[in-house]
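> Below is the structure I would like to discuss, written out as structure tokens.
The values are calculated or read from the model by the stated rules, or taken from the named source; none is laboratory data. A quick note: this is a predicted structure, and the numbers were derived from the prediction, not measured. For neighbour counting, all protein chains shown are included, and Cβ atoms are generated from backbone atoms with ideal geometry for every residue, glycine included. Surface accessibility is based on the protein's heavy atoms, side chains included, excluding ligands, DNA and RNA. Shrake-Rupley method; radii C 1.70, N 1.55, O 1.52, S 1.80 Å.
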2 protein chains.
Amino acid sequence: MSLKAISSKDAASLDQDLMEIGGWSLDQLMELAGLSVSQAVYRVHPLSSGKNILVICGPGNNGGDGLVAARHLAQYGYTPSIYYPKPGKKDLYARLQTQLRALSVPILTSDSDFTAALKDTSLIIDAIFGFSFGGPLRDPFPEIISQMEKSRVPVLAVDAPSSWDVESGPPTEGPGSNFMPEYLISLTAPKPCVRFYKGRHFVGGRFLTRDVAEKYGLDMPRYQGIDQVLEVGVDAEGRL
Amino acid sequence: MSLKAISSKDAASLDQDLMEIGGWSLDQLMELAGLSVSQAVYRVHPLSSGKNILVICGPGNNGGDGLVAARHLAQYGYTPSIYYPKPGKKDLYARLQTQLRALSVPILTSDSDFTAALKDTSLIIDAIFGFSFGGPLRDPFPEIISQMEKSRVPVLAVDAPSSWDVESGPPTEGPGSNFMPEYLISLTAPKPCVRFYKGRHFVGGRFLTRDVAEKYGLDMPRYQGIDQVLEVGVDAEGRL
């Protein structure tokens, strides 16, 4: 099974439809997106694989998804840390940070804390940039992406590997040109850059309806049971 | 395992703490509460037991939890219907109804539609009143509760069996005096009336933190893995 991709422009328009026509709030969409991310983590990296998870969050909604995922991971028994060098301005991001502090999840902002956390983590969640990334990378992100790229710790990318152009894939040089996360979770639908991706691929965000899927020419992922995440290219029996 | 109960007054205060101190929005709390309800349904009443589920929603947040649960159930492949005779006034309830309409979930408001739906359902979700119910029942709820009570269809009650006093349990006479739902899901923590309850009991709402649990003298439910719901009185191996 493969799923049709959605362009960056259409993904933005779809989100807008969900909120302006579909009755969704950003709080609700982000809750389910982040929950999907946490379920993908639990599947590829169970607690026995290591509890320390470093969630690198960008300033926008991709970072917000990472914050929600970290909250769920803390509830599952992981010990996530957040690296949030450029906190976003929306009130929702401030509230998500308050929720994380109540769970004693550290929120790091300095590059030295990031470097230390990177040495002590068993998984990285790349929640830096999502479908709206158009480049170029601005400080401090080139350095962060270089460090993720060089690290031997497995990475799960949220929606798109950060630094990749959402349409045309990895940059030809500089930070990110050798960045190939072990895991990718596409939210709602894969983005065009997925054709350059080699690794385990999931889809999440179980709020798509048939009408919206039809409007944007998307497939309805065949989620199983109560799962909020589906591995793409794997059937219900777990075969590729 | 049994869990400490929380009074109606403390449950209200706990919700207020989550929102005013903890950074939670009602959208987020209701999303996770409704998700828990949907997971409890999936566990006690899998798709093979019947897809038609009648969700009876009251005018407050208990009804809102029912609306969210119905949305998730529709995504799982059930065919829920909502009976919503007195729609609540919050904007969130209107948005949840918009989301349900996008999934073609019928929202019934007349008692004749309710009576017809009752004949054609395999499970009822009682999302009429929750921890803030102080009685007495006002129209049209006495009649609705009588019909649930007389129905042979199994009922899953959300937070408290409707008509029961949250502290002192079932009414001694009239509608609800013989109401004993097959299933109950307590949100955050059981309410005192749970001591009168005989049936399968679940807890949901996986957003409680240790600090809040401590403040209100509650136990932290030992949710397993990524579950958003826990059967109370059953251990991890499924033994009572």
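> Of the residues in region B:15-44, how many are assigned to a loop (DSSP other than H, G, I, E, B) and open to solvent by 40 Å² or more (accessible area, probe 1.4 Å)? Let's see the steps before the verdict.
At the first step, the residues of region B:15-44 found to be assigned to a loop (DSSP other than H, G, I, E, B) are B:21-25.
Subsequent filtering for residues that are open to solvent by 40 Å² or more (accessible area, probe 1.4 Å) retains B:21.
Adding up the residues that qualify gives 1.
> If the requirement is being in contact with a helix residue (DSSP H, G or I) (Cβ under 7 Å, 6 or more places away or on another chain), part of a helix (DSSP H, G or I) and among the hydrophobic types (A, V, I, L, M, F, W, C), which of these qualifies: A:12, A:70? Before the answer, list the steps.
Working: A:12 fails: in contact with a helix residue (DSSP H, G or I) (Cβ under 7 Å, 6 or more places away or on another chain).
One residue alone meets the criteria, A:70.
> Still on this model: Would you confirm whether any residue within region B:45-52 is in a loop (DSSP other than H, G, I, E, B), more than 9 Å from chain A (Cβ to nearest Cβ), charged (D, E, K, R) and within 24 Å of residue A:32 (Cβ to Cβ)? Full working, then the answer.
If we filter region B:45-52 for residues that are in a loop (DSSP other than H, G, I, E, B), which is where we start, we get B:45-46, B:50-51.
Adding the requirement that they be more than 9 Å from chain A (Cβ to nearest Cβ) leaves B:45, B:50-51.
From what is left, the residues that are charged (D, E, K, R) are B:51.
Narrowing further to those that are within 24 Å of residue A:32 (Cβ to Cβ): B:51.
Yes.
Here's the yes/no breakdown for (1) over 21 Å from residue A:38 (Cα atoms); (2) over 15 Å from the mean Cα position of the chain (by Cα):
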position	(1), (2)
A:150	yes, yes
A:160	no, no
A:167	yes, yes
A:175	yes, yes
A:181	no, no
A:189	no, no
A:193	yes, no
A:210	yes, yes
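> I'd like to verify a number: residues in region A:206-231 that are of a type in the set (S, T, N, Q) and open to solvent by 40 Å² or more (accessible area, probe 1.4 Å), how many?
Looking only at region A:206-231, we keep the residues that are of a type in the set (S, T, N, Q), and these are A:209, A:224, A:228.
Keeping just the survivors that are open to solvent by 40 Å² or more (accessible area, probe 1.4 Å) gives A:224.
Within region A:206-231, residues that are of a type in the set (S, T, N, Q) and open to solvent by 40 Å² or more (accessible area, probe 1.4 Å) number 1.
> Mind checking which residues of region A:189-205 are surrounded by fewer than 23 Cβ atoms within 10 Å (Cβ to Cβ) and part of a loop (DSSP other than H, G, I, E, B)?
Hits for region A:189-205 are A:197, A:198, A:199.
> Here's something else I'd like to know. Condition first: more than 14 Å from every other protein chain (Cβ to nearest Cβ), among the small types (Gly, Ala, Ser) and in a helix (DSSP H, G or I). Now tell me which residues in region A:99-119 satisfy that.
Scanning region A:99-119 gives A:112, A:116, A:117.
> Separate question: Counting only residues that are assigned to a helix (DSSP H, G or I) and closer than 19 Å to residue B:73 by Cα, how many does region A:206-222 have? I'd like the intermediate steps shown before the answer.
If we filter region A:206-222 for residues that are assigned to a helix (DSSP H, G or I), which is where we start, we get A:210-215.
Applying the additional criterion that residues be closer than 19 Å to residue B:73 by Cα yields A:210-213.
Selection size over region A:206-222: 4.
> Within region B:177-188, does at least one residue satisfy the condition of being open to solvent by 10 Å² or more (accessible area, probe 1.4 Å) and part of a strand (DSSP E or B)?
yes
> For residues in region A:55-98 being free of Cβ contacts under 8 Å to residues at least 60 places away in the same chain and among the hydroxyl-bearing types (Ser, Thr, Tyr), which is nearest to the other protein chains (Cβ to nearest Cβ)?
Among those that are free of Cβ contacts under 8 Å to residues at least 60 places away in the same chain and among the hydroxyl-bearing types (Ser, Thr, Tyr), it is A:98.
> Scan region B:99-126 for residues that are touching a residue at least 40 places away in the same chain (Cβ under 8 Å) and within 15 Å of residue B:78 (Cβ to Cβ) and jot them down.
Within region B:99-126, B:117, B:120, B:121, B:122, B:123, B:124, B:125 meet the criteria.
> Let me ask you something else. Which pairs do you get when a residue that is closer than 23 Å to residue A:8 by Cβ and polar (S, T, N, Q), found in region A:131-147, comes within reach of a residue that is at pLDDT 90 or above and surrounded by 15 or more Cβ atoms within 10 Å (Cβ to Cβ), reach meaning Cβ atoms under 9 angstrom, with the pair 6+ apart or on two chains?
Qualifying pairs under 9 Å: A:132/A:8; A:132/A:11; A:132/A:60; A:132/A:61; A:132/A:62; A:132/A:166.
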